[in-house]
Structures are given as structure tokens and as C-alpha cells.
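Below is one structure, written out as C-alpha cells, with a few remarks after it.
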Amino acid sequence: MRLGYPTITWGGVVGMPGGVTSVKDSFYLTAGSTADACRDIAAAGYTGTEVFDGNLLEYIDEPQRFTDLLEETGLTLVGVYTGANFIFDEIVSEEMTKIEKAAAMAATFGAQRLVIGGGAQRVHGPADGDFQRLAAGLDRCDRIAKAAGLTATYHPHLGTLVETPAALEKVMELSGIHFCPDTAHLAGGGGNPAELIRRYGDRLAHVHLKDWDSRSQRFLPLGEGELDFDDILRAVRETGYDEWLMVELDYYDGDPKAAAEISKRYLDKLLAAHTS
């Protein structure tokens, strides 16, 4: 298995202000420097990365700058993360325009995967048909990704329609998209990450690893929380998946490079134990 680390920790999740008034411009964005993040990720020993769709916009008019950065650091661009509300019929075509642009940028820079988050939460809970609308949107994303030569994967996420195992079951039954488990988000939603990986193992196509502390409701570097990564890795191997493991940390109040190094040391030791 190859190890990658997304750039999100260098600045955390923000977003593009234009998306407030123009849905087609509602890209994700990390506030920190993509170049600094890639250099730190490579220095920590990872060989791949994942970026938000909005961060690629910085390079789209000068693509050689990002290509040069990848060459300098030796990193592979594994995935690009994007997402949408999906449940509001009147804006879904605008959202798909944005996702088509994200997929085109991902393909331009040689990414393999389009990672999809989303499914909006309504103020008073899901309306009739919300899961069906989300599933239809995800299937459209799947077709968009395939047309661009990418694999689309769905990433359940706290704060979206799909937080809990029950919600995940609904959307997986309704949509044919591949699965991207995020260990901390699954645990935060009340699920057992290893169990869910086994349940949807035939659709596993991308993996996000991060640790979780239920008391503080915080994401943590690997080995610093409560998740059983020994069982999680065993579950991943049982599915036959033998590709990229992306070690992600959405937010961290310390040095992002140090967090990446902590997780790399922990994961290296654990993977060595699994192969010995």
C-alpha cells in the first residue's frame, strides 16, 4: 500500500466567497499554501497527496506550476475532493457544472480519483426524497468522473445528510458510487469503521485514515485517539484493496507537518507488523 496525505491540514477548510451567491463557484478551499503543504508532506515521507477542487483553481491558468511542484516533491496527485448539497432540485445543475470543472481539473493534473462529499442537512431534518436526490446526484458524479477518466468515491461526513451507519446504508442501496470510508467521520457518526469497511468492501475505492476522540469530539493524528487501526487495516486488506491510504487530518491546533510525521511513524510501524 502507498501512503498519501491531503493538504487540508495546512489552513483547514474554508471556501470561496463567490459560492455564497453563485452555486457554480462554491468550491472547497484550504487557506494555507499548497506548495508548502506538498513540500512538508513529501518531507514527512508520503508519496501522494489529495487537494480540494478550489486549490487547483490557483494553478489552472498556469498548469505547469503545479506539475513542477509535483515533480519537485515527488508526489502523486491521487485525488481531488469536491462536493455539493445534491438535495435541492433548483440548484443541482449548477452544482454539477462545478463538479464537471473539478473533474476536468483533476484529470488535467493526473489525479486518479474524484472524492465526493455532501448531501445537505435541512433545518428540520431530511425531507421525503432527500436520500433519493442525493443518490441520483452521486450517480451523476460517477458518470462525470468516468467521462474524465477518474473513479468517483463517496465520503460520508459529519455535518451532512450521511453521518450515521443507517444513513450510509440508505445511500449505498440507492447509488452505485464507490465508497471512501473516513475512519474518524464514521466513528463520529456512531459507526464502527472496520465493520463498515467490511460491509461495503466490494465498493471500496479510496481510504481516509484519521483518529478520533469521542470525549472531545476532535480529530487526531493516528495513534493518539481511540480507533482500532489494527482492525481497520485488517478490514481493508480483507477487501483486497491494496492501493493508496490517505492519512488525513481536517483540523489540528499544532504544527501540520508534525502531525503528518506522527501519523506516518505510527502507520509505518503498524503496516510493518501486518506484513511480518
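The values are calculated or read from the model by the stated rules, or taken from the named source; none is laboratory data. Because the structure is a prediction, the values reported are computed rather than measured. Every residue, glycine as well, gets a Cβ built from its backbone with ideal geometry; the counts of neighbours run over all protein chains shown.
The table for this structure:
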read-out: Yes/no for Gly79 being over 19 Å from Leu29 (Cβ atoms), in contact with a strand residue (DSSP E or B) (Cβ under 9 Å, 6 or more places away or on another chain) and not in a helix (DSSP H, G or I); value: no
read-out: Whichever residue in the stretch 79-124 is of a type in the set (S, T, N, Q) and over 13 Å from Thr160 (Cβ atoms) and, among such residues, is surrounded by the most Cβ atoms within 10 Å (Cβ to Cβ); value: Thr82
read-out: Single condition Val92 does not satisfy, out of (1) free of Cβ contacts under 8 Å to residues at least 60 places away in the same chain; (2) touching a helix residue (DSSP H, G or I) at 6+ places or on another chain (Cβ under 9 Å); (3) closer than 30 Å to Ser263 by Cα; value: (3)
read-out: Verdict on Thr47 being farther than 19 Å from Thr108 by Cβ, touching a residue at least 60 places away in the same chain (Cβ under 8 Å) and either crowded, with 16+ Cβ neighbours inside 10 Å or in contact with a Leu (Cβ under 8 Å, 6 or more places away or on another chain) (or both); value: no
read-out: Filter result (within 20 Å of Asp130 (Cβ to Cβ) and small (Gly, Ala, Ser)) within the stretch 153-190; value: Gly159, Ala166, Ala167, Ser175, Gly176, Gly189, Gly190
read-out: Meets criteria (part of a loop (DSSP other than H, G, I, E, B) and of a type outside the set (A, V, I, L, M, F, W, C)) for Gly137; value: no
read-out: Count of residues meeting criterion [more than 21 Å from the chain's Cα centre (by Cα), within 11 Å of Leu222 (Cα to Cα) and of a type in the set (A, V, I, L, M)] in the stretch 252-276; value: 1
read-out: Single condition Thr153 does not satisfy, out of (1) closer than 20 Å to Ala84 by Cβ; (2) part of a helix (DSSP H, G or I); value: (2)
read-out: Residue, nearest to Asp89 (Cα to Cα), within the stretch 131-180, restricted to residues that are surrounded by fewer than 20 Cβ atoms within 10 Å (Cβ to Cβ) and charged (D, E, K, R); value: Asp139
read-out: Number of positions in the stretch 156-165 that are outside any helix (DSSP H, G or I) and free of Cβ contacts under 8 Å to residues at least 40 places away in the same chain; value: 5
read-out: Filter result (closer than 23 Å to His178 by Cβ, loosely packed, with under 14 Cβ neighbours inside 10 Å and not small (Gly, Ala, Ser)) within the stretch 238-276; value: Glu238, Asp242
read-out: Condition check for Thr49: among the hydroxyl-bearing types (Ser, Thr, Tyr), out of contact with any Phe, Trp or Tyr (no Cβ under 8 Å at 6 or more places or on another chain) and either part of a loop (DSSP other than H, G, I, E, B) or modelled with pLDDT of 95 or more (or both); value: no
read-out: Residue within the stretch 177-187 that is among the hydroxyl-bearing types (Ser, Thr, Tyr), modelled with pLDDT of 95 or more and either under 29 Å from Gly32 (Cα atoms) or in contact with a Gly (Cβ under 7 Å, 6 or more places away or on another chain) (or both) present; value: yes
read-out: Check on Thr151, more than 29 Å from Asp213 (Cβ to Cβ) and touching a helix residue (DSSP H, G or I) at 6+ places or on another chain (Cβ under 7 Å); value: yes
